[in-house]
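One structure is given here, and the rest of the page talks about it.
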Amino acid sequence: MTGSGASPSLDRIGGRWRVHAPLSLGVIGLYGALILIVFVFGRPGGSAGSINPLWLVDGLLLVFLARYASTSYSMDADRLYARRIFGSRSIRLEDVRRIELANLRDLSPASFFGGWGWRGRMWSPMIGSFDAVHTVSTGVLVHARSVPLFVSPPDPSRFAQELSRRARSYFDGVEVGPGIPGGTVPGALPAS
C-alpha cells in the first residue's frame, strides 16, 4: 500500500535527520489514470496552434502529483522542516510543546480539500486549525506555539522519538503522547 519505509539518513556534518514521506501506490495510480483520461479527451481536434483547456487540467494534475511525491521531512539542530513543492512548513524546536501519534481520520478534518491546497491548512473539531504536509493518513501531530503541524513519516514512532529528543534540548517540558517511547500524555489522540 505504501512505498518503502526507508531509514532516515543522518548527515555527518550538523546532525541533520532526513526522511522521504511514504507514497501510496493507489494515490499515484489514481493521479496517473486521471492524467491519462484528461490527455485522451484533450487530444487536439480543433484548429492548429490552439491550446486545449484540458491540457491545463493535465498540467495541474502533474503539478499535484509532483507535489505529493516531493514530500519529505528533516530536522536539524534548531528546526523541523516539512517540505514539498509549493507548500513547505517549518517549526522551531524551541517552540514544540507536544508531540503525539495521530491519524487524519481521527482528527476528522472538515475539509478533504485542505490537503490539496497549497498551504495544507485543515480544520478539526478536536484541535481547530492545523497544517498538514502529508502523504498518508497515519503520522505525527506536532503542537507548537503556532498552528499544529501534521506530518506522515515512514516510521511515526521513531520520528516522534527523535523530534522529542531534539526538542527537549530547548524545552524539557515537551509532552509526548502514548505509543512514543517515553510518552504518556493523558488524553492524547489515538494513533490508529
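Some observations on this one:
- Net lengthening on full extension, Leu60/Leu36 (0.36 nm per residue, minus Cα-Cα): 7.3 nm
- With the simple spin-label model, which puts each label point 7 Å out from Cα in the Cβ direction, the Arg168 to Arg79 separation comes to 2.5 nm.
- Radius 13 Å from Cβ of Gly139, net charge of other residues (Lys, Arg +1; Asp, Glu -1): -2
Rule-based calculations on the coordinates, nothing more; no lab input. Being a predicted model, the structure only gives us computed values, none of them experimental. All Cβ positions, even for glycine, are placed from backbone atoms using ideal geometry, and neighbour counts span all protein chains on display.
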